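These notes concern the structure reproduced below.
Each value in this text was obtained by applying a stated rule to the coordinates, not by laboratory testing. Since we're looking at a predicted model, the values are computed, not measured. Ideal geometry is used to build each Cβ from the backbone, glycine not excepted, and the neighbour counts take in all protein chains shown.
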Amino acid sequence: QLRAGRSRIMGLLVLDLGNPFFVDVARGAEQAAHAEGLNIITCNSGQRSDLEASYLAMFAEQRVRGVLLSPVATSGEALRAFRRSGTPYVFVDRKAPTSEASSVAVDDIAGGALAGRHLLETGHHRIAFVNGPAILAQCRDREQGVRSALTGSSAELTVLEAIGLDVTSGRDAGARLLGMSPRPTAVFCANDLLALGVLQAMVGAGVRVPDEMAIIGYDDIEFAGAAAVPLTSVRQPAQRLGRTAAELLLAETAETTAERQAVVFTPELVVRESTRVRR
Ligand code: RIB
């Protein structure tokens, strides 16, 4: 029986394993874990709090070394019960709500502002923002960012809340955009999967991207650059997020006196065809 805390397993609980962003987070975490002889068990909450609770309980029962957590919500019984287990954890892709745990994330407010400023600079005045569920802090921050960038400009912003953060939700949002009159000339999406769905809807309706509808996504997953119209995106250093979170967890389980840290990365804009400057 391994002494408490000496397990060679690190848990990773992500929001949506169907999103390549989290696969890259897992890759980065694995690099750090393997370097210390640990393996990672990755679980997918699918944005469901009940699944999140059952996976957290399993990690606690298995007495894993610790858990990297991209939570659905940072309040609620699931996390409270998990905290009581005393299992070390680090938030990844989330700013920690308190100094209870270390966290690694990007500054999503800055990321949303980057997208808003880019669409202003490329000549757009009627802009839509397709957001994910407001329960996700990163979605709230991206909306705050794009709103702040447009404050004081003549641009008008329409916010559509998508059901999920996947391609299907993006296609639905694209259909709603097509029905708007007057139609926006640019759309910022809370992640690349939504943006790819919007792109699919525009191409299917014969709407030219970017000339009739510019599109910008978020994450800069590998498929963004490989899309039918290569996607401009606000890049998150996903592998670095995962690696840094795992390194923090390893440090905190080696030295319990290790300081809790809130690591915040600055996102960067990757400009591609889908927002090409208008002639
Ligand atoms: O899971 C939804 C989104 O939150 C991902 O696309 C990534 O942007 C994360 O921050």
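Computed values, structure above
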| quantity | calculated |
| --- | --- |
| Translational diffusion of the stretch 199-279, µm² s⁻¹ [Kirkwood Rh, Cα pairs; Stokes-Einstein; 4 °C; 1.567 mPa s] | 86 |
| Helix 238-254 axis, angle to the chain major axis (alpha carbon atoms, nearest 10°) | 20 |
| Of Arg235, Arg243, Arg83, the one that fluctuates the most in a GNM where the chain has Cα springs shorter than 10 Å | Arg83 |
| Debye log10 I(q)/I(0) at q = 0.17, 0.18 Å⁻¹ for the stretch 1-127, Cα point scatterers | -0.88, -0.97 |
| Val234, Val92 arranged by Cβ crowding within 10 Å, fewest neighbours leading | Val234, Val92 |
| Alpha-carbon radius of gyration plus Dmax, which is the widest Cα pair, for the stretch 97-142 in Å | 13.6, 44 |
| Normalised alpha carbon radius of gyration of the stretch 193-237 [divisor 2.2 N^0.38 Å] | 1.07 |
| Relative contact order of the chain, pairs being alpha-carbon contacts under 8 Å that are 6 or more residues apart, as % | 22 |
